[in-house]
Each structure stands twice: as C-alpha cells, then as structure tokens.
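The values are calculated or read from the model by the stated rules, or taken from the named source; none is laboratory data. The structure presented is a predicted model; accordingly, all values stated were derived computationally and were not measured. We place every Cβ from the backbone using ideal geometry, glycine too, and count neighbours over all the protein chains shown. SASA here: full protein model, heavy atoms, side chains in, ligands and nucleic acids out. Shrake-Rupley method; radii C 1.70, N 1.55, O 1.52, S 1.80 Å.
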Amino acid sequence: YNWNSVNTGPNPSGLDMNNKPAPVTTVIGNQDVDEDFLPAVQPLTLEEKLEVQDQVDQACSQDNISSGNGQCRTLCQSHMCCFDASELGCADYDLMCPFYSSCEMLKFLNRRKRLRG
C-alpha cells in the first residue's frame with residue numbers, strides 16, 4: 001500500500017475486514033513505517049553525559065536538598081534503580097548510572113526519615 005496521508009489505515013473506518021482495528025501506519029516519504037517501530041536513539045556524547053552529571057550534582061547538593069525544592073528527586077526518579085542491589089536494580093546494564101551517582105544521597109535521606117519517623 002502507498003497512502004498519501006499520515007496515520008491512516010487501509011480503510012477510512014479504521015477497521016479491517018473482520019471489524020478489528022486496522023494497524024496504523026505512518027508514511028514518511030514513500031516508506032511505510034510501523035507505529036510500533038522505535039527509531040534508534042542517538043547515544044549521548046561524553047560532553048552531554050557530563051552535563052547531566054553536573055546538573056544532578058548541583059540538584060543533589062546537600063544545600064539544594066535541604067531547601068526542599070525537589071529538583072534532586074525529579075532528576076533522579078528514573079535512575080534510582082542504579083542504587084537498588086536487588087534483582088530490580090539496573091546498575092549492571094544502565095550505562096548512565098555513573099552519571100547519576102549523586103542521586104544516592106536520596107536513598108540515605110529516605111532511610112534516615114524512616115528511622116526517625
């Protein structure tokens with residue numbers, strides 16, 4: 001098939017011959033690209049990784065965490081698995097973990113809050 005519009009199915013109703021949803025196809029130029037296809041993500045350069053590390057270091061400084069603004073928690077939320085020693089941890093395969101090392105401060109603060117509280 002070669003459709004002229006973006007995000008169209010083979011049938012205007014969006015259903016296939018068996019009244020099931022038809023797969024959505026996005027047309028880029030003359031190529032049909034399946035909606036589930038994820039394009040290759042360009043890895044970060046070392047300079048970009050170091051910028052991330054600098055942002056995390058600043059956000060997770062003791063003064064910044066003490067201010068209660070939540071920047072450290074926001075930046076670190078998706079990488080707390082780097083500090084999980086269980087099978088749920090990601091330190092063995094997430095190549096960005098070393099650049100989020102300052103996030104470990106949150107782990108200790110959370111533990112201290114539980115002990116106090």
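Of note:
- FRET efficiency, 1/(1 + (r/R0)^6) with R0 25 Å, evaluated for Ser67 and Asp94 via beta carbons: 0.35
- Extension reserve of the Lys107-Gln58 stretch, reckoned as 0.36 nm per residue once the Cα distance is removed: 16.0 nm
- Here the scattering of region 37-84 is modelled by Debye summation over its C-alpha atoms, one equal scatterer each and no solvent; at q = 0.13, 0.32, 0.33 Å⁻¹ the log10 of I(q)/I(0) is -0.40, -1.11, -1.12.
- Computed packing ranks the peptides 45-56, 68-79, 94-105 as 94-105, 68-79, 45-56, most packed first, by mean other Cβ atoms within 10 Å.
- Accessible surface, per residue, of region 37-98 when the full set of protein chains is kept, probe 1.4 Å, Å²: 75
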